[in-house]
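Asks: What follows is a structure written as structure tokens; I'll ask about it next.
Any read-out appearing in this document is the output of simple, stated calculations on the displayed coordinates, not a laboratory observation. Keep in mind the model is a prediction, meaning the values are calculated, not measured. Every residue, glycine among them, receives a Cβ derived from its backbone with ideal geometry; neighbour counts consider all protein chains shown.
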């Protein structure tokens, strides 16, 4: 076989962002903000690359697609189906789509012109897979096997309604058999794994499982400006909110990748938006435009979620939670998604982007020991030295306390000092706190 070419285009963690929006970029001691994203610009990039390499382009979506903004949530993702279909992806996998429940996830998948893939989502009653584990696509004279791995944390760290009737595995034990089936049975030339486990998890997976020619990663919002090689497997991941498109150009000879070149394409003002997609997006948002544009306040400095321990956007959210509940202590999830809000007017759209799940505020009473245990559990889920034990997201957002910890300490022993109102937390004392989310629901 002569050398063959394949170009993989990827987005991950779109989170329902249909239009351009602010995005944070690291500068010298501060963040800079640029307008990025928008499906119309992504469509232009896809169209250009496909025109340059006809018949050689594979387009993949890592999931966290149909949830995260008001427009996406109001239709439980359905309003986005025509838009995503117009981008002509070849496959996707899943995560926050399960916020609508498994029945709606099945409905969304049925509305796509491309498959949703997952080797690790099972029906509880039958123990059968909820979705096809893989598909085979022919491009550029190559048979490419695509294997999907969904996020495995839905039934472990999210509300029970998200996983009613289904359960999730890590997928690492199932993967080798699927690779063998594709290579021996389907006679594929390449195996591409489309994963929403997260970058650290995917790096460990690639080290454990041989035979992966390219691993397309999502979930942790990493901006990989260069592919990370684990053995002979390149891993790419491309930020979030549709602000970046990942491009991986492969040269294949006799079933082996002999050259791999990568570009993290910034979807900024230098990309001319596709007119047809612009009109589609405009029509999708039009019924909600007046509501979304309502001004509800102003901010004098940027709000963002670009930092893992504490973030300006969540500090504002925590103040609002505490004020509503009449408490000093308040907690919220360590969400990564939610585009920055720049100084100026704050609209209803901004509020929904901050808290797209629209959860209730619960008031709880925690003993000092329970407070410490909750935070230790969260630190383990965030910083576990075993990537497979990490559950995604940043550190739980906290108001009214000071937490001092050593990241490198073992599980359950990371907290050195925990203070409320400047005084050490007392084991038997009861502390009243407000939480964003239902009582009894696991929180990241």
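Asks: What is the gain in length, in nm to one decimal, between residue 286 and residue 169 on full extension, counting 0.36 nm per residue of separation less the C-alpha to C-alpha distance?
Replies: Values: separation 117, 0.36 × 117 = 42.12 nm, distance 3.98 nm.
Length gained between residue 286 and residue 169: 38.1 nm.
Asks: For residue 413 and residue 207, what does the FRET efficiency come to when R0 = 25 Å and r is the distance between their Cβ atoms, rounded to the nearest 0.05? Present the calculation step by step, with values, prior to reporting the outcome.
Replies: Working: r = 27 Å, r/R0 = 1.08.
Calculated transfer efficiency: 0.40.
Asks: Here's something else I'd like to know. Based on the Cα coordinates of region 299-357, what is the per residue volume of their convex hull in Å³? Intermediate values should be presented prior to the final figure.
Replies: Details: hull volume 5.4 nm³, N = 59.
Hull volume over Cα atoms, normalised by residue count, gives 91 Å³.
Asks: Report the full-extension gain for the segment residue 3 to residue 298: residue separation times 0.36 nm, less the Cα-Cα distance, to one decimal in nm. Don't jump to the answer; show the numbers that get you there.
Replies: Working: separation 295, 0.36 × 295 = 106.20 nm, distance 5.73 nm.
Going from the current span to full extension adds 100.5 nm.
Asks: Rounded, prolate or oblate: which fits region 79-177 when a ≥ b ≥ c are the square roots of the eigenvalues of the alpha-carbon gyration tensor, with rounded for a/c under 1.5 and prolate only if a/b beats b/c?
Replies: Details: a/c = 2.29, a/b = 1.27, b/c = 1.80.
Oblate, because a/c is 1.5 or more while a/b does not exceed b/c.
Asks: Tell me, what does the Kirkwood hydrodynamic radius of region 227-382 come to in angstroms if you use every pair of distinct C-alpha atoms?
Replies: Answer for region 227-382: a Kirkwood hydrodynamic radius of 19.9 Å.
Asks: Would you please give the FRET efficiency between residue 259 and residue 225, computed as 1/(1 + (r/R0)^6) with r the Cβ-Cβ distance and R0 = 22 Å, to the nearest 0.05?
Replies: Details: r = 19 Å, r/R0 = 0.84.
Taking R0 as 22 Å, the efficiency between residue 259 and residue 225 is 0.75.
Asks: For residue 132 and residue 32, FRET efficiency with R0 = 35 Å and r from the beta-carbon atoms, rounded to 0.05? List each step's numbers first, then the result.
Replies: Numbers: r = 42 Å, r/R0 = 1.21.
So the FRET efficiency works out to roughly 0.25.
Asks: Mean-square fluctuation check for the chain, GNM, Cα pairs under 10 Å: which of 367, 151, 43 is largest?
Replies: 367
Asks: Okay, next question. How far apart, in nm, are the 7 Å Cα→Cβ label points at residue 406 and residue 275?
Replies: 6.4
Asks: On to the next question. May I ask you to order 229-235, 408-414, 331-337 by the average number of other C-beta atoms within 10 Å around their residues, highest value first? Before the final figure, lay out the partial values.
Replies: Working: 229-235: 17.6, 408-414: 12.9, 331-337: 23.3.
Highest mean packing first, the order is 331-337, 229-235, 408-414.
Asks: Given a 10 angstrom Cα cut-off, can you work out which residue in 382, 69, 307 is the most mobile in a GNM of the chain?
Replies: Between 382, 69, 307, it is 307 that shows the largest mean-square fluctuation.
Asks: Modelling each spin label as a point 7 Å along the Cα-to-Cβ direction, I'd like the residue 309/residue 47 distance in nm, to one decimal.
Replies: 4.7
Asks: Kindly provide the helix-only [θ] at 222 nm of the chain, computed as the sum of -39,500 (n - 2.57) over DSSP H runs of four or more divided by all residues, to the nearest 500 deg cm²/dmol?
Replies: Numbers: 12 runs with 106 residues, N = 444.
The helix-only estimate for the chain comes to -6500 deg cm²/dmol at 222 nm.
Asks: Relative to the compact-globule scaling 2.2 N^0.38 Å, provide the ratio for the alpha-carbon radius of gyration of region 226-314. Don't jump to the answer; show the numbers that get you there.
Replies: Details: Rg = 19.9 Å, N = 89, 2.2 N^0.38 = 12.1 Å.
Against the compact-globule rule of thumb, the ratio is 1.64.
Asks: Something else: Using Cα pairs closer than 8 Å and at least 6 residues apart in sequence, work out the relative contact order for region 294-436, in percent.
Replies: The normalised contact order for region 294-436 reaches 33 percent.
Asks: Another question, then. Over all pairs of distinct alpha carbons, what does the Kirkwood formula give as the hydrodynamic radius of region 294-436, in Å?
Replies: On the way: mean 1/r = 0.0621 Å⁻¹.
Mean inverse Cα-Cα distance, inverted, gives 16.1 Å.
Asks: If you stretched the chain out fully between residue 430 and residue 377, how much longer would it get, using 0.36 nm times the residue separation minus the C-alpha to C-alpha distance?
Replies: Extending this stretch completely gives an extra 17.2 nm.
Asks: Residue 319 versus residue 180, label points 7 Å from Cα toward the beta carbon: distance in nm?
Replies: Here the answer is 5.9 nm between the modelled labels.
Asks: Can you compute log10 of I(q)/I(0) for region 4-284 with the Debye formula, treating each Cα as one identical point scatterer, at q = 0.06 Å⁻¹?
Replies: Taking Cα atoms of region 4-284 as identical point scatterers yields -0.17.
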